[in-house]
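A short write-up of the structure that comes next.
What follows is calculated from the coordinates using simple rules that are stated; it is not laboratory data. This is a predicted model, so every value here is computed, not measured. Cβ atoms come from the backbone with ideal geometry, glycine included; neighbour counts cover every protein chain shown.
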Amino acid sequence: MSIEESHGNAPRSANTMRTPMGKVRKLGAAHSGTSDFWRQRITGVAMTLLILPVIVVIMMLLGRNQAGAAQILGSPLISLIMILFIIASAVHMKIGMQVVIEDYVQNEKLKLVTIMANNFFSIAVALAAIFAIFKLASGV
Amino acid sequence: MTTRIERPLSPHMQTYRWSLTMALSIVHRATGIALYFGTLLLAWWLIACAAGPTNYATVQAFTGSWIGRLVLFGYTWALMHHLLSGIRHFIWDLGYGFKSADREWLTWAALIGGVTLTVLLWVVAFSMGVAR
């Protein structure tokens, strides 16, 4: 295979000096390339691994009162499992919702606002949950 | 001044005969959206636990009510389905399971598996004494 074949030899527009490599280095319209795609996979695999421990934790908490639940959720290993799961969820759901927004919201201004709201929501929910776990773990 | 480029358009969804994989692709997205807003429940529950007995009792009153149980059952199914459907996507990402029969089999497995796991988890939860 020649270098033209392997790197694509589509005719370049006459009024541009940009090479295909130059376009690639800009990493597309969002300038972040496939990082969101990859992060979506990493967080998906993380949650697949964490789901079993998380289910066990939730089963342990069923039917307990606040004192019992607080003691379990505040123990170091369980706090860690829950925090990891919450971080993975927040990143995963932020990317997922952004894809949905980009697919269905046609108006550019509304798209900007909803993507921003999506970021705020994901970060706020995750931080609120993590803060609660920190509070339980520190026993204050 | 930018001029509109006339690119060929792909036919819209309505043109195609409905297939299982198509329907389940939408279900994957719908369960994802449901789980997105469901995180509010998780956060509420954790914050209530950190806040104290009165707040936690409010959450338990909700989760113990029939509407609360219904929401949680739906949440469990959405999570289990999205998990199995997601694993199906990982298999496709790795380049396997694209043959017609494999595609169908994987999709049925996610659908049936999601419902089965949900029922199983609730049976375990009740046998462990939810109403304790």
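Of note:
- Rg to Rh, two decimals, where chain B supplies the alpha carbon set and Rh follows Kirkwood: 1.14
- Fewest-first ranking of B:THR3, A:THR48, B:THR76, using other Cβ atoms within 10 Å as the exposure measure: B:THR3, A:THR48, B:THR76
- Span from the segment B:41-86 Cα centroid across to the segment A:125-140 one, whole angstrom: 17
- With the convex hull drawn over the C-alpha atoms of chain A, the volume per residue is 184 Å³.
- Residue with peak Gaussian network fluctuation, chain A [Cα springs, cutoff 10 Å], from A:LYS111, A:LYS26, A:LYS94: A:LYS26
- Sequentially through segment A:54-64, phi angles give Karplus couplings (6.51, -1.76, 1.60; θ = phi - 60°) of 5, 4, 4, 4, 5, 4, 5, 8, 4, x, 8 Hz, Gly and Pro residues having no value and appearing as x.
- Our Cα-only numbers for segment A:82-140 put the radius of gyration and Dmax at 14.4, 48 Å.
- Most fluctuating residue given options A:GLY22, A:GLY68, A:GLY33, as computed from a GNM of chain A linking Cα atoms under 10 Å: A:GLY22
- Least to most buried among A:VAL24, A:VAL57, A:VAL45, A:VAL125 (fewest other Cβ within 10 Å first): A:VAL24, A:VAL45, A:VAL57, A:VAL125
- Relative contact order [Cα under 8 Å, 6+ residues apart], segment B:15-123, whole percent: 33
- Where only alpha carbons of segment A:20-87 are counted, the Rg and the Dmax (Å): 19.2, 62
- In this structure, the pairs whose alpha-carbon distance is over 27 Å, taken from A:LYS109/A:LYS135; A:LYS94/A:LYS135; A:LYS26/A:LYS94; A:LYS26/A:LYS111, are A:LYS109/A:LYS135.
- Site pair B:THR63 and A:THR48 shows an inter-label distance of 2.8 nm when each label is modelled 7 Å from Cα along Cα→Cβ.
- For the protein assembly as shown, adding -39500 (n - 2.57) for each run of n ≥ 4 DSSP H residues and dividing by the number of residues yields -26000 deg cm²/dmol at 222 nm.
- For chain A, a Gaussian network of Cα nodes joined below 10 Å ranks A:SER122, A:SER32, A:SER79 by mean-square fluctuation, and the top entry is A:SER32.
- Footprinting exposure proxy for B:TRP105, B:TRP44 (fewest neighbouring C-beta atoms within 10 Å first): B:TRP105, B:TRP44
- Net lengthening on full extension, A:LEU27/A:LEU84 (0.36 nm per residue, minus Cα-Cα): 17.6 nm
- Peptide A:58-71 - average C-beta neighbours from other chains (10 Å radius): 5
- From the C-alpha gyration tensor of the protein assembly as shown, square roots of 5λ in Å: 42, 23, 18
- FRET efficiency for the B:ALA101 to A:ASP36 pair, using the beta carbon distance and R₀ = 35 Å, is estimated at 0.65.
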